Each structure stands twice: as C-alpha cells, then as structure tokens.
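What follows is a single structure, written as structure tokens, with notes after it.
Throughout, read-outs are computed from the coordinates displayed, never taken from laboratory work. This structure is a prediction, so every number in the text was calculated from the model and none was measured. Positions of Cβ are generated from backbone atoms using ideal geometry, with glycine treated the same way; all protein chains shown enter the neighbour counts.
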Amino acid sequence: MMLKRCTADPRSPQPKRDAWRLDSCFMIDGDVIHRFVNGVIIACASRHAAVESHHSKLIVPSFHLSISANGQRPSDDVIRGVLADFNLEGAEEDNHSPGRARHFWLDEGRDIQPDCECKRTEETVVEPDGYRWQRERAVR
C-alpha cells in the first residue's frame, strides 16, 4: 500500500453542506482519497474503477464513502445524514472486514446500487452490534 499526498480529484464525492471540512487528501494504491471531517464524524470519499459484474466485465467508475464516528462504526442515523450530505443515498453498504468504519458504494450514473455479488457468494458475519460484513466461505 502506497501512501502519499496528492491534489484533490473533483470527480470524487463532495459534501453538499459546508459543515464538512476537507481535512486531507492522499493516495493509496493510486486511488485519491479525500478525508472530510464534521465534528466527530470522518468520511473518506474516493472514486474507483470497478468491475460492474462478473458476467459483463464492464469497468465503470464507482464512488466509495467510508464513514466512522468517534473512531467507531457510526449509527444508522449518522449514516443517513452523511449519505445525504454526499448525495449517495442509494449507495450499497458493502463491508469486508470487522473494522471501525462502514463502507458504501455507488456506481456513477446509478441512483440505487444493486447488491454486490459477494452477498450471494461469501459468508455474511453479523457482529453483536448488528454490523454486517462479508468474508470468503471457509473451506470444509
């Protein structure tokens, strides 16, 4: 993983309200990440090239928003507000670790993101707080 400073990518999701402050902009593995702060809420916004489906193999730009609050996973109420602020209300929650943030994806040009194929092919883990994430099924 390469971490370095970068210039902002105006094509990435940007908050609509001015309660958000752009805290930093950096690159990880060639992807530009914008770290926005609003009080205790942190939203990391980026734009990625993503494979639309395993059947079509189309590459489409996808917006990713990673959200945490007080260094922990945020509540559903916080999520609703942040997604609205970033105009990503139709994003799909798609987590692949038991981490501190919740992750949302929306392909450019869509209003509502369909479920990722991983939801059908991978195991869903439900944490005690209700947080759901996907992992490869254990081979038995």
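Note on the chain: GNM, Cα springs under 10 Å; of CYS44, CYS25, CYS118, the largest mean-square fluctuation is that of CYS118. Distance between the 7 Å Cα→Cβ label points at PHE26 and VAL60: 3.1 nm. Along its three principal directions, the equivalent ellipsoid of the chain from the Cα gyration tensor extends over semi-axes of 24, 19, 15 Å, largest first. Between ASP77 and VAL37, the FRET efficiency estimated from the beta carbon spacing at R0 = 22 angstrom works out to 0.75.
Computed over the chain, relative contact order equals 16 percent, with contacts defined as Cα pairs under 8 Å that lie 6+ residues apart.
How large is log10 I(q)/I(0) at q = 0.12, 0.16, 0.21 Å⁻¹ when the Debye formula is applied to the Cα atoms of the range 38-119, each weighted equally and without solvent? Once normalised to I(0) and log-transformed, intensities are -0.34, -0.59, -0.97. Here the residues VAL32, VAL40, VAL82, ranked from fewest to most Cβ neighbours within 10 Å of their Cβ, fall in the order VAL40, VAL32, VAL82.
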